[in-house]
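Below you'll find the structure, written out as structure tokens, and then a few comments.
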Amino acid sequence: MKKVAIDKLTFKNHLSTIEQLSLKDFMFKWLGSPEEGLDDFLPLTYTDTVFAKLETPLETNFRIHGDETFRYVTITEDNQIVIGVLDPNQELACRILSLDEHMEINLYR
């Protein structure tokens, strides 16, 4: 995953239904196609406050890469798929995703 500064990205203000479904499909594949399905494994809800995104509920504690907590997935105006994560200091970081990358998942519920 490529880490980028949030001020270098331009996020969409609205995601169409097709974009939302495409993001969910991407996340399903990126997470290794979990048997229980994406909605049970990583529930995502569409919101468009500040910018459009599919985010997890605050009580979801989905850890990726050991010490980062997944918060949301979205698409930029340049059609880059970006996730927002909280680092160990609870600071928000953005990462550009690729289907070619595999991830280490630690799930704590």
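The values are calculated or read from the model by the stated rules, or taken from the named source; none is laboratory data. Keep in mind it's a predicted model, so treat the numbers as computed, not measured. Here the Cβ is made from the backbone with ideal geometry for all residues, glycine too, and neighbour counts use every protein chain on show. All accessible areas refer to the heavy atoms of the entire protein, side chains included, with ligands and DNA or RNA removed. Shrake-Rupley method; radii C 1.70, N 1.55, O 1.52, S 1.80 Å.
Data overview
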read-out	value
Boolean, Ala52 is within 21 Å of Leu92 (Cβ to Cβ) and at pLDDT 95 or above	yes
Some residue of the range 22-37 being surrounded by 16 or more Cβ atoms within 10 Å (Cβ to Cβ) and modelled with pLDDT of 90 or more	yes
Selection within the range 7-37 - touching a helix residue (DSSP H, G or I) at 6+ places or on another chain (Cβ under 9 Å), farther than 17 Å from Thr76 by Cβ and not charged (D, E, K, R)	Phe28, Leu31, Pro34, Gly37
The range 79-95, subset open to solvent by 10 Å² or more (accessible area, probe 1.4 Å) and closer than 18 Å to Leu21 by Cα, residue nearest to the chain's Cα centre (by Cα)	Ile81
Residues that are open to solvent by 60 Å² or more (accessible area, probe 1.4 Å) and under 19 Å from Leu86 (Cβ atoms), drawn from the range 38-56	Thr45, Thr49, Val50
Residue in the range 33-42 that is part of a loop (DSSP other than H, G, I, E, B) and hydroxyl-bearing (Ser, Thr, Tyr) present	yes
Leading residue by the ranking (modelled with the lowest pLDDT) among those in the range 1-21 that are under 18 Å from Val50 (Cα atoms), surrounded by 11 or more Cβ atoms within 10 Å (Cβ to Cβ) and not polar (S, T, N, Q)	Ile6
